[in-house]
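**Q** Dropping the structure in here first, questions after.
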Amino acid sequence: MKSYVFPGDIEEDILRISGQPFPYMRTRLFSELVKDSEQMLLSLIGCPNGRVIPYTASGTAAMEAVVANFVSTKQKAFVIAGGSFGMRWKNLCDYYQCPADVFHVDFAKDIDYNALEEAIRVSQPEVLLCQHHETSTGMLYNLSNISAICKKYEVFLIVDVISSFLTDPLNMDELGIDVCITSSQKGLNIVPGLSFVILSERMLHQEFVHKGFYLDFNENLTNLKRGQTPYSPATSLFMQLRARLNMYVQIGVEQLIESRKQKAQYFRSLCAQNGWEMPVEVPSNCITGFFVHHNGDHLFEELLKQDIYIMPGGTPHYFRVSHIGLQSVEELDDLARRIKVIEQMNF
Ligand SMILES: *Cc1c(COP(=O)(O)O)cnc(C)c1O
């Protein structure tokens with residue numbers, strides 16, 4: 001099997017951890033594991049004085065937690081929506097009955113930052129919700145520009161960095177981001193099931209409300225002081241997490257991002273050679289999005305028959321290949337060759 005989705009292929013020694021004995025959660029051993037992981041996550045994301053709330057749940061739960069505990073205390077939110085993940089912010093705001101204006105961005109296009117500033121000036125929101133990388137298309141937005149606007153109009157900035165963390169440069173403190181959200185199966189490239197809310201130092205002085213029992217910030221933060229989660233954590237995933245963080249801290253963020261960037265650039269050169277249009281204006285290193293010419297309605301299933309996963313896009317004939325997992329130049333060559341063969345088949 002070869003995976004170009006989330007997660008991508010994972011190192012054997014990290015995968016094997018899930019089959020090993022794991023500590024009981026109410027022990028000092030497990031608390032240390034949680035605390036170590038928190039420190040490493042904070043260092044990798046550039047927010048040394050922040051806090052990380054871990055949830056045994058996928059990324060959407062961490063998004064929901066931020067809306068329930070914090071955004072819902074505000075009069076108005078502002079959502080940047082360049083695809084399905086942007087719209088998820090809007091749907092969460094609707095669910096928690098927090099008024100939210102939406103700034104729509106066209107498929108695979110960058111934001112018109114002047115128009116964005118004007119919209120925020122008119123809207124006067126208290127909090128802005130966006131993605132760094134809109135994974136449904138592959139478009140990477142400019143957080144420096146967004147952050148500057150938020151600073152100017154005194155708007156809290158909450159960014160879903162689920163698929164840009166460790167694939168594209170990101171420093172929370174330097175960018176002045178208040179909250180980031182990420183999850184286990186994207187940049188960290190381990191098994192799905194954990195997600196993280198990273199609160200900046202400034203957020204630790206904010207008021208949170210009690211909406212959403214399991215996700216409650218105050219309850220989680222209180223337990224976190226002793227390295228615990230209020231409810232049963234996915235213990236073996238936490239063990240995978242620590243091993244993964246140790247590895248990535250050792251490699252270093254810049255080196256890790258560089259290696260992902262090189263894989264992305266290599267695959268993009270293959271797409272160009274095959275004439276597969278790559279529509280994204282500013283692509284993330286996380287994925288390559290491209291249109292095939294023929295048999296877009298068969299490609300996913302045909303690759304699946306060959307034990308290869310790629311991601312179908314929401315748009316017809318649009319596909320996405322992730323670059324976060326183990327993948328060699330030869331394997332990327334092989335993938336492009338197989339896609340080309342399927343394109344030329346008669347169905
Ligand atoms: C994967 C992802 C999510 C979370 O989706 P889940 O289905 O909950 O894992 C949210 N935002 C972005 C940008 C993502 O890539």
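**Q** On the basis of being open to solvent by less than 10 Å² (accessible area, probe 1.4 Å), within 11 Å of the ligand (Cβ to nearest atom) and part of a strand (DSSP E or B), does residue 198 make the cut? Give the steps one after another, and end with the answer.
**A** Numbers: open to solvent by less than 10 Å² (accessible area, probe 1.4 Å): yes; within 11 Å of the ligand (Cβ to nearest atom): no; part of a strand (DSSP E or B): yes.
No, not satisfied.
**Q** Limited to the stretch 49-71, what total is found for residues that are over 16 Å from residue 205 (Cα atoms) and either away from the ligand (no atom under 16 Å from the Cβ) or open to solvent by 10 Å² or more (accessible area, probe 1.4 Å) (or both)? Outline the logic, then answer.
**A** Of all residues in the stretch 49-71, those over 16 Å from residue 205 (Cα atoms) come to 54-65, 67-68.
Filter again for either away from the ligand (no atom under 16 Å from the Cβ) or open to solvent by 10 Å² or more (accessible area, probe 1.4 Å) (or both), leaving 54, 56-58, 60-61, 64.
Residues in the stretch 49-71 being over 16 Å from residue 205 (Cα atoms) and either away from the ligand (no atom under 16 Å from the Cβ) or open to solvent by 10 Å² or more (accessible area, probe 1.4 Å) (or both): 7 in total.
**Q** Just to be sure I understand, how many residues within the stretch 6-35 are in a helix (DSSP H, G or I) and either within 16 Å of the ligand (Cβ to nearest atom) or touching a helix residue (DSSP H, G or I) at 6+ places or on another chain (Cβ under 6 Å) (or both)?
**A** So the first thing to find is which residues in the stretch 6-35 are in a helix (DSSP H, G or I), and the list is 12-19, 28-35.
With either within 16 Å of the ligand (Cβ to nearest atom) or touching a helix residue (DSSP H, G or I) at 6+ places or on another chain (Cβ under 6 Å) (or both) added as a condition, the list becomes 14, 17-18, 33.
Number satisfying all stated conditions: 4.
**Q** Determine the pairs where a residue that is assigned by TED's automatic domain parsing to the domain that holds residue 233, located within the stretch 12-30, has a partner that is of a type in the set (Asp, Glu) and surrounded by fewer than 11 Cβ atoms within 10 Å (Cβ to Cβ) with Cβ atoms under 9 Å apart, the partner being 6 or more residues away or on another chain.
**A** Nothing qualifies.
**Q** Let me ask something else. Restrict the check to the stretch 238-257 and report whether at least one residue is within 16 Å of the ligand (Cβ to nearest atom), open to solvent by 20 Å² or more (accessible area, probe 1.4 Å) and modelled with pLDDT of 95 or more.
**A** Checking the stretch 238-257: not a single residue is within 16 Å of the ligand (Cβ to nearest atom), open to solvent by 20 Å² or more (accessible area, probe 1.4 Å) and modelled with pLDDT of 95 or more.
**Q** Go through the residues of the stretch 72-84 one by one and say whether even a single one is surrounded by fewer than 19 Cβ atoms within 10 Å (Cβ to Cβ), under 24 Å from residue 148 (Cβ atoms), more than 16 Å from the ligand (Cβ to nearest atom) and hydroxyl-bearing (Ser, Thr, Tyr). Steps first, please.
**A** Taking the stretch 72-84 as the starting set, the residues that turn out to be surrounded by fewer than 19 Cβ atoms within 10 Å (Cβ to Cβ) are 73-76, 84.
Still in the running and under 24 Å from residue 148 (Cβ atoms): 74-76.
With more than 16 Å from the ligand (Cβ to nearest atom) added as a condition, the list becomes 74-76.
With hydroxyl-bearing (Ser, Thr, Tyr) added as a condition, the list becomes none.
Scanning the stretch 72-84, I find no residue that is surrounded by fewer than 19 Cβ atoms within 10 Å (Cβ to Cβ), under 24 Å from residue 148 (Cβ atoms), more than 16 Å from the ligand (Cβ to nearest atom) and hydroxyl-bearing (Ser, Thr, Tyr), so the answer is no.
**Q** Only residues in the stretch 191-202 that are assigned by TED's automatic domain parsing to the domain that holds residue 220 count as the first member; pair them with residues that are within 12 Å of the ligand (Cβ to nearest atom) and in a strand (DSSP E or B), Cβ under 6 angstrom, at least 6 apart or cross-chain, and list the lot.
**A** 195/55; 195/183; 196/182; 197/181; 198/180
The values are calculated or read from the model by the stated rules, or taken from the named source; none is laboratory data. Everything quoted here is computed from the prediction, not taken from an experiment. Note: ideal-geometry Cβ built from the backbone for every residue, glycine included; neighbour counts use all protein chains shown. What goes into the accessible areas is simple: the full protein's heavy atoms, side chains included, and nothing from ligands, DNA or RNA. Shrake-Rupley method; radii C 1.70, N 1.55, O 1.52, S 1.80 Å.
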